[in-house]
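Here's the structure we're looking at; comments come further down.
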Amino acid sequence: MRIFLSGLLLTMLLVPGYATDWSTNMPKAKAEAKANGKLILLNFAGSDWCSPCIRMKKKIFAAPAFQQFADKNLVLVRADFPRKRKNRLDKAQVKHNEALAEKYNRQGIFPLTVLMDAQGKVLKTWEGLPRLSPDAFVAQIKPLVKNKPAKKTETGSLNNAIKLDETHGLRVFKKTLLLMGSRFEVIVVDQNQITAQHHIQAAIAEIKRIEQLISSWDKQSQTSAINRAAGIKPVMVDTELIALIERSKRVSKLTQGAFDISFGSIDKSIWHFDGSLKKLPDAATAKKAVRLIDYRNIVIDKMNSTVFLKNKGMRIGFGAIGKGYAAERAKALLQKRGVKNGIINAGGDLAAWGNQPNGKPWTIGIANPNFKNQAFARIAVKNQAVVTSGNYEKFVVIDGKKYTHIIDPRTGYPVAGLKSVTIICPNAELADALATSVFVLGKEVGLDLVNQLKGVEAILVDDAQKVHYSKNIPLQNY
Ligand code: ADP
Ligand code: MG
């Protein structure tokens, strides 16, 4: 796969939580507050000596309730007054912070938190660490937030939530609909509603076309024809399908079979994720079914444009790569039509390109596997795909244990150990396939693989709720 060799650089920034971006520049903060109809929350702190300041940061500012609210309504500014030598700020910053103290914190109270409007007019202050829950703190700010421009929107969060921002005559147009059994969103940036709608319709048509080609549920699809003829004869199919199978096989090779589109041989026979499965199949049954899973037995004849599954009972399915493929193709089509900025959200598998209308990169929230509608991390992406495979999507519970819909081709059993795997890389199809692969490979081997692939990054959440990152994800703590 060309992408492995191309060495595309990742330009991204990872910040835990929502509005963890604390500005240290008041003039800039004022401009942002003005442009987006936000208020400014200025916090005076002594980051290396003032323990109430540190507690405030942990208890209030780090709380999701605060962060979610701040993300939409506030520009956060920090004026830090460190005392330790090594934490010393540069001269300009010291001057900037002292000027702020001169204006808003004459008495030198730490922490001191000041809510002001975009012009710097003080609306409310909190001296010391407020004895308030994050919710109560937010509740004190809420009534003061008004005149917010109606332009700003936030999409409902599904798996990976997208934050949208609109300015400069450019607007975000979006359509949500059910495709490939998942919630899809097509998002384009345009100045004109009519052209935007045409673009969106074209993308939807493309996704539908792909669904018809690769669905293994649809009896009319070429994929179903291949499955029906397993062990009998090669089936002639479109080159597009052959190419997708070829790339899938390459991922199988790369992952030593952890990823295998012929997992489908087992899917229907012993695993049912519709609630009808009440007990685990015994090892012998699983083992028997596993025999049919082997990507090497998917025989491609490019000359004749045929695909042949060598053994009777073999089946292929694109559950782990299809949505990524569709997102990638829809993106390519829109780019060809001249759409410079947009996102295809294929049931939480995202392909983003360009920027938001305000010129800033798209920011994407990574779903918290325990609370699907909450993000635990937010990343700014530039021409990247962000894909999450989670065991909260489809699963069965047997004897109180959760089993995911991802199957280890070696054992025939659902994989355990991880709650979610997010892959970030320039190509949504690859991201989709790798998310599933890493799920099967597990934390160590999976991360090891990702760390060897240029331009591919991963965020894993394990069963103990611990988060693991691949090597090149820069973490920021405030
Ligand atoms: P999601 O559908 O939640 O995005 P995935 O991309 O990980 O999650 O796809 C999971 C689907 O992939 C399963 O429902 C199944 O159809 C298929 N699948 C399961 N195990 C494997 C495997 N080892 N290799 C390839 N595909 C798999
Ligand atoms: Mg996948």
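Values for this structure:
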| read-out | value |
| --- | --- |
| Qualifying residue in segment 372-388 (condition: modelled with pLDDT under 95, farther than 27 Å from residue 63 by Cα, within 13 Å of ligand 1 (Cβ to nearest atom) and surrounded by fewer than 24 Cβ atoms within 10 Å (Cβ to Cβ)) | no |
| Residue within segment 287-298 that is modelled with pLDDT of 95 or more and part of a loop (DSSP other than H, G, I, E, B) present | yes |
| Cross-chain or 6+ apart pairs with Cβ under 9 Å, segment 336-350 first and closer than 16 Å to residue 185 by Cα, then within 11 Å of ligand 1 (Cβ to nearest atom) and basic (Lys, Arg) | 346/323; 347/323; 348/323; 349/323 |
| Within segment 48-84, tally of residues that are part of a loop (DSSP other than H, G, I, E, B) and more than 19 Å from residue 25 (Cα to Cα) | 7 |
| Flag if residue 462 is of a type outside the set (A, V, I, L, M) and within 12 Å of ligand 1 (Cβ to nearest atom) | no |
| Filter result for residue 277 (more than 9 Å from ligand 1 (Cβ to nearest atom), on the phi < 0 side of the Ramachandran plot and at pLDDT 95 or above) | no |
| Pair list, Cβ < 8 Å and 6+ apart or interchain, from segment 402-415 residues that are aromatic (Phe, Trp, Tyr) to residues that are in a strand (DSSP E or B) and at pLDDT 85 or above | 413/407 |
| Residues of segment 40-61 that turn out to be within 19 Å of residue 85 (Cα to Cα), among the hydrophobic types (A, V, I, L, M, F, W, C) and in contact (Cβ under 8 Å) with a residue 24 or more places away in the chain, as a count | 5 |
| Residues of segment 299-319 classified as within 16 Å of ligand 1 (Cβ to nearest atom) and in a strand (DSSP E or B), total | 1 |
| The lone exception for residue 454 - which of (1) surrounded by 14 or more Cβ atoms within 10 Å (Cβ to Cβ); (2) at pLDDT 95 or above it fails | (2) |
| Test: residue in segment 214-222 that is surrounded by 15 or more Cβ atoms within 10 Å (Cβ to Cβ) and acidic (Asp, Glu) | no |
| Conditions (1) of a type outside the set (S, T, N, Q); (2) under 13 Å from residue 141 (Cβ atoms); (3) buried (at least 23 other Cβ atoms within 10 Å of the Cβ): number failed by residue 44 | (2) |
| Extreme residue, nearest to ligand 2 (Cβ to nearest atom), among residues of segment 326-385 that are among the charged types (D, E, K, R) and assigned to a loop (DSSP other than H, G, I, E, B) | 382 |
| Single residue of segment 452-468 satisfying the filter (of a type outside the set (D, E, K, R) and in a loop (DSSP other than H, G, I, E, B)) that is nearest to residue 370 (Cα to Cα) | 465 |
| Matching residues, segment 410-425, being within 14 Å of ligand 2 (Cβ to nearest atom) and either of a type outside the set (S, T, N, Q) or out of contact with any Pro (no Cβ under 7 Å at 6 or more places or on another chain) (or both) | 415, 418, 421, 422, 423, 424, 425 |
| Residues that are crowded, with 20+ Cβ neighbours inside 10 Å and away from ligand 1 (no atom under 16 Å from the Cβ), drawn from segment 342-354 | 342, 343, 352, 353 |
| Qualifying residue in segment 426-436 (condition: surrounded by fewer than 24 Cβ atoms within 10 Å (Cβ to Cβ) and either within 15 Å of ligand 2 (Cβ to nearest atom) or farther than 20 Å from residue 287 by Cβ (or both)) | yes |
| Sole residue being over 21 Å from residue 94 (Cα atoms) and at pLDDT below 85, chosen from 16, 64 | 16 |
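The values are calculated or read from the model by the stated rules, or taken from the named source; none is laboratory data. For clarity, every value in this text was computed on a predicted model and none was experimentally measured. Heads up, the Cβs are rebuilt from the backbone with ideal geometry, glycines too, and the neighbour counts pull from every protein chain shown.
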